[in-house]
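The values are calculated or read from the model by the stated rules, or taken from the named source; none is laboratory data. For clarity, every value in this text was computed on a predicted model and none was experimentally measured. A quick note on method: Cβ atoms are made from the backbone with ideal geometry, for glycine too, and the neighbour counts reach across all protein chains shown. For the accessible areas, the whole protein counts, side chains as well, though only heavy atoms, and no ligand, DNA or RNA atoms are used. Shrake-Rupley method; radii C 1.70, N 1.55, O 1.52, S 1.80 Å.
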Amino acid sequence: MDYLQAIVLAIIEGITEFLPVSSTGHMIIASSFFGIAHDDFTKLFTVVIQLGAILSVVVLYFKRFFQTFDFYFKLLVAFIPAVVFGLLFSKKIDALLENPVTVAVSLVLGGIILLKVDDWFTANEETDTIEHITYPTALKIGLFQCLAMIPGVSRSGASIIGGMSQKLSRTTAAEFSFFLAVPTMLGATVKKCYDYYKDGFILSDDQINLLIIGNVVGFIVAMLAIKSFIGYLSKHGFKMFGYYRIGAGLAILIIHFFIFKLTSI
């Protein structure tokens with residue numbers, strides 16, 4: 001991986017991490033385009049630069065993180081399913097991460113859902129705040145988030161839809177999804193780093209510099225993306241993201257199978 005590739009991947013991470021379009025799916029496709037998808041450092045890089053995106057949430061919502069212990073316990077309850085499913089199916093998840101067809105199909109199916117989701121759920125205005133989220137609701141949102149372990153599904157999209165299914169508005173569901181991203185992404189980063197450390201993977205000075213640059217770029221871009229997303233979502237809903245996912249997924253399938261046929265001749 002060179003510095004240009006690191007910056008491009010970090011920009012993609014920053015833009016897509018909190019949008020319902022799947023950051024993992026986009027980085028798999030981008031790294032495959034660069035020809036570095038199977039490189040061990042690339043796999044580590046795409047996880048570790050999530051720290052920059054996490055920091056953007058903490059900075060933007062700094063005051064709102066200082067709440068009652070009840071708030072933190074609800075985040076913990078929502079986070080637990082990701083821990084359980086991640087530990088149980090980590091090897092299968094890693095195998096799926098190298099399959100662009102899985103990403104493409106997930107993008108298309110998720111796009112179809114986003115076209116309809118605004119019509120499926122109605123928010124309860126009386127309880128439409130983060131503070132009114134109950135423990136059962138937090139657990140259900142956490143279970144929805146686990147769907148994002150399938151590449152292309154989108155962690156933010158799954159958890160936002162999970163919140164909307166519990167009568168939260170798009171904005172409140174999105175904000176809870178942002179808060180939930182902090183323990184979820186931090187946990188995934190720590191686990192990935194530990195796995196690489198356990199396997200004896202040692203970072204060079206150049207690779208450390210790439211990780212620093214990736215996190216800085218991801219942090220800046222993610223801050224801009226979050227601000228833009230909340231404003232757009234509250235006014236226009238999910239349809240644009242649905243059309244984008246369908247178009248991107250179909251384009252990936254066409255390119256993938258067209259290239260496959262050419263190389264098979």
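A few comments on the model shown:
- The set of residues from the stretch 114-137 being open to solvent by less than 70 Å² (accessible area, probe 1.4 Å) and either within 17 Å of Val21 (Cβ to Cβ) or not in a loop (DSSP other than H, G, I, E, B) (or both) comprises Leu114, Leu115, Val117, Asp118, Thr127, Ile130, Thr137.
- Qualifying positions in the stretch 221-262 - closer than 17 Å to Val57 by Cα, of a type in the set (A, V, I, L, M) and either touching a Gly at 6+ places or on another chain (Cβ under 7 Å) or surrounded by fewer than 14 Cβ atoms within 10 Å (Cβ to Cβ) (or both): Val221, Ala222, Leu224, Ala225
- Residue under evaluation His256, criteria (1) at pLDDT below 90; (2) more than 13 Å from Phe18 (Cβ to Cβ); (3) within 14 Å of the chain's Cα centre (by Cα), criterion not met: (3)
- Residues in the stretch 175-207 that are hydrophobic (A, V, I, L, M, F, W, C) and within 18 Å of Glu13 (Cβ to Cβ): Phe178, Leu180, Ala181, Val182, Met185, Leu186, Ala188, Val190, Cys193.
- The residues on offer are Asn215, Asn209, and the sole one that is touching a helix residue (DSSP H, G or I) at 6+ places or on another chain (Cβ under 7 Å), closer than 19 Å to Asp2 by Cα and of a type in the set (S, T, N, Q) is Asn215.
- Where Thr171 falls short, out of the listed (1) open to solvent by less than 30 Å² (accessible area, probe 1.4 Å); (2) under 15 Å from Ile130 (Cβ atoms): (1)
- Residue match in the stretch 204-222 (condition: closer than 29 Å to Thr129 by Cα and in contact with a Pro (Cβ under 7 Å, 6 or more places away or on another chain)): no
- Considering the stretch 101-113, and only residues there that are among the aliphatic types (A, V, I, L, M) and open to solvent by less than 80 Å² (accessible area, probe 1.4 Å), the residue that is nearest to Phe238 (Cα to Cα) turns out to be Ile113.
- Of the residues making up the stretch 68-84, those that are out of contact with any Phe, Trp or Tyr (no Cβ under 7 Å at 6 or more places or on another chain) and touching a residue at least 12 places away in the same chain (Cβ under 8 Å) are Phe71, Phe73, Leu76, Ala78, Phe79, Ile80, Pro81, Ala82, Val83.
- When residues in the stretch 146-183 are screened for being within 22 Å of Leu109 (Cβ to Cβ) and of a type in the set (Ser, Thr, Tyr), 5 of them pass.
This table checks each residue for (1) of a type in the set (Val, Ile, Thr); (2) closer than 30 Å to Phe45 by Cβ; (3) in contact with a Phe, Trp or Tyr (Cβ under 9 Å, 6 or more places away or on another chain); (4) touching a residue at least 40 places away in the same chain (Cβ under 8 Å).
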| position | (1), (2), (3), (4) |
| --- | --- |
| Leu114 | no, yes, yes, yes |
| Asn124 | no, no, no, yes |
| Ile130 | yes, no, yes, yes |
| Lys140 | no, no, no, no |
| Gln145 | no, yes, yes, yes |
| Ile160 | yes, yes, yes, yes |
| Met164 | no, no, yes, yes |
| Thr172 | yes, no, no, yes |
| Leu180 | no, yes, yes, yes |
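- Filtering the stretch 184-220 to residues that are closer than 21 Å to Leu139 by Cβ and open to solvent by less than 40 Å² (accessible area, probe 1.4 Å) leaves Thr184, Met185, Gly187.
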